[in-house]
1. When SER440 is evaluated against the numbered criteria (1) within 22 Å of ASN460 (Cα to Cα); (2) open to solvent by less than 30 Å² (accessible area, probe 1.4 Å); (3) among the polar types (S, T, N, Q), which criterion, by number, is the only one it fails?
2. So ILE297 fits all but one of (1) open to solvent by 30 Å² or more (accessible area, probe 1.4 Å); (2) more than 24 Å from ARG327 (Cα to Cα); (3) not hydroxyl-bearing (Ser, Thr, Tyr); what number is the exception?
3. Report yes if ILE307 is within 26 Å of LYS455 (Cα to Cα), crowded, with 17+ Cβ neighbours inside 10 Å, at pLDDT 85 or above and among the aliphatic types (A, V, I, L, M), otherwise no.
4. Looking only at the range 10-53, how many residues end up being open to solvent by 30 Å² or more (accessible area, probe 1.4 Å) and aromatic (Phe, Trp, Tyr)?
5. Which ones in the range 430-470 are of a type in the set (A, V, I, L, M) and within 17 Å of LYS506 (Cα to Cα)?
6. Which one of LEU69, LEU169 is outside any strand (DSSP E or B), open to solvent by less than 40 Å² (accessible area, probe 1.4 Å) and modelled with pLDDT of 80 or more?
7. Any residue at all in the range 36-54 that is touching an Asp or Glu at 6+ places or on another chain (Cβ under 8 Å) and more than 16 Å from VAL116 (Cα to Cα)?
8. Give just the number: which of (1) over 33 Å from the mean Cα position of the chain (by Cα); (2) without any contact (Cβ under 8 Å) to a residue 12 or more places away in the chain; (3) not in a loop (DSSP other than H, G, I, E, B) does LYS371 not satisfy?
Amino acid sequence: MYNILLTDDEKIVIDSLTFILNKNFQDEIQIFSALSGPEALEITETKKIDIVFMDIHMPGMNGLETIKLMKQLNPNLIIIILSAYDQFQYAQEAINLGAYKYLTKPVNRNLILQTVKDSFGLVDRQRGKLSQSIEMHKKLNIVSSMVESDFIYSCIFNSSKNVDFSTYLKYFEIENTTWFMCCIEVFQIDQDNKYNVYMKIRDILTSKARCIIGSFMANRIGVFVPFKTDEKNSYESVKSLMNTIFTLLSTNIRYGIKIGVSKIESDINKTFSAYNDAISALNTISQSRGISFYSEIETRPATHEEIKECSKKLLNRIRLGDAGSVRQLVSRYCTTLFEFYQNNLDKIKNAIFEFIVNLRNAILEMDNNYKDSTFEQAFTTLSKTDTTYELEQFVLKSCMECVTLASSLSKNNQNPIISQACEYLENHISEEITLESAASQLNVSSFYLSKLFKKEKGENFISYLTDLRLKKAKNLLQDKSLIIKEITAAVGYNDQNYFSKLFKNKFGITPTEYRNSLPIGD
């Protein structure tokens, strides 16, 4: 039995947590509650509390002051902070005082449940019941993130096989094992939320696997996962593990999540190629969510025609100002390039320089007064670049600068008929809309409207309307007073099953799964 104390000056928060915890750990826990710091201290003195949920900002004695006094009463208390404030100084002070986790409101119920389960393990250890395997898991959880990031960086950039991994392996107590690498990409992540998202990813990964996790590089995280060689059905075990992790990440993180997984390897000097395999798998995912395994994708060599096709698509999306697609296409273009030239940097640089020249010409067609130092210094920059990662970042930076310009020019030059069409679709989204009915409203032919949509938006009329409806549905799902059937009708669909299928194709999860993934309070 575990004794849990819930401390918050808002009773609705205590009631919500009580409901969630009792529903999932009914026979394992006893819950106490307090609406203030002094009340929480009194309960801690009189009851044998194991785990405390604590709000930071409360009237009178705040959460940080209460934690400090609680730790004096019982140094072994597991403190979990629940706060509406995500400022770094609060988190740092809480951790310095001995808090175990710092979670910001509103908090996803799955993250709460996982945190409580992890806390049970810590309590068990204090009670002398922690097994040797959990002890190892704990050690890897608290290992210096700097060493982990350095290890992953060495794995990714070890193209010349001149890195001695023995010191790292000894530090992590990894020996006689097989392993694989994966790359996690967070789609369109906000810079302000990057730290919190990274910590959630760490928590989920370490709760399911013994692994070494790198830091964010752009919007990607490299992960090294070792496992025992005597494990039966190794590939199926890896696939099951990563599918579980993908599900947890998708339901706990509101950004798009994509994962590419390499083959299983045993030679530690193959980390560079393994990571590239993970990237190749990642780039086969066309939607904003998904998981792909390198062992299951077609492994034929890239061709020069594929490079030209990727380059052509990339330039087209830049002209249209489509930033979301450009990020994905840059990754696909660079991966194809690296595979075709087998990571020969000189040949890759020549190809990229040719692409940059074409990019510059495309932008000059839109704005002949455009000047930018990126183009002027491209050759110098490329000559000083030594890794495929840096080359990809250079291409991405160049493309994103150009797509921003193209987007602003496109808005200024947008055909008024398309502007009217988009406004009409927004205002009548719940109605049955066809290309013909929209064209009739605008007094143009359906053929002309279809051609205009393809030219101005880079996609056909139906695709644009479908995306508009699904984005609207995603927003409506945050209002939990609406049932799925009502939302289906509100965005213009009569068949709920068809709507759910479209939603899953677009976002990787069903409408119900998306709603269940929303944090408490949404």
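The values are calculated or read from the model by the stated rules, or taken from the named source; none is laboratory data. From a predicted model like this one, the values you see are computed outputs, not experimental measurements. Quick reminder, even Gly has a Cβ in these numbers, built from the backbone with ideal geometry, and neighbours come from all protein chains shown. What goes into the accessible areas is simple: the full protein's heavy atoms, side chains included, and nothing from ligands, DNA or RNA. Shrake-Rupley method; radii C 1.70, N 1.55, O 1.52, S 1.80 Å.
1. (2)
2. The single condition ILE297 does not satisfy is (2).
3. Details: within 26 Å of LYS455 (Cα to Cα): yes; crowded, with 17+ Cβ neighbours inside 10 Å: yes; at pLDDT 85 or above: yes; among the aliphatic types (A, V, I, L, M): yes.
Here the answer is yes, as ILE307 does meet what is asked.
4. 2
5. To start, the set of residues in the range 430-470 that are of a type in the set (A, V, I, L, M) comprises 433, 435, 438-439, 442, 444, 449, 452, 462, 465, 468, 470.
Selection gives ILE462, LEU465, LEU468, LEU470.
6. On the way: LEU69 fails: open to solvent by less than 40 Å² (accessible area, probe 1.4 Å).
Answer to the check: LEU169.
7. Checked against the condition, which is being touching an Asp or Glu at 6+ places or on another chain (Cβ under 8 Å) and more than 16 Å from VAL116 (Cα to Cα), the range 36-54 yields at least one hit.
8. (3)
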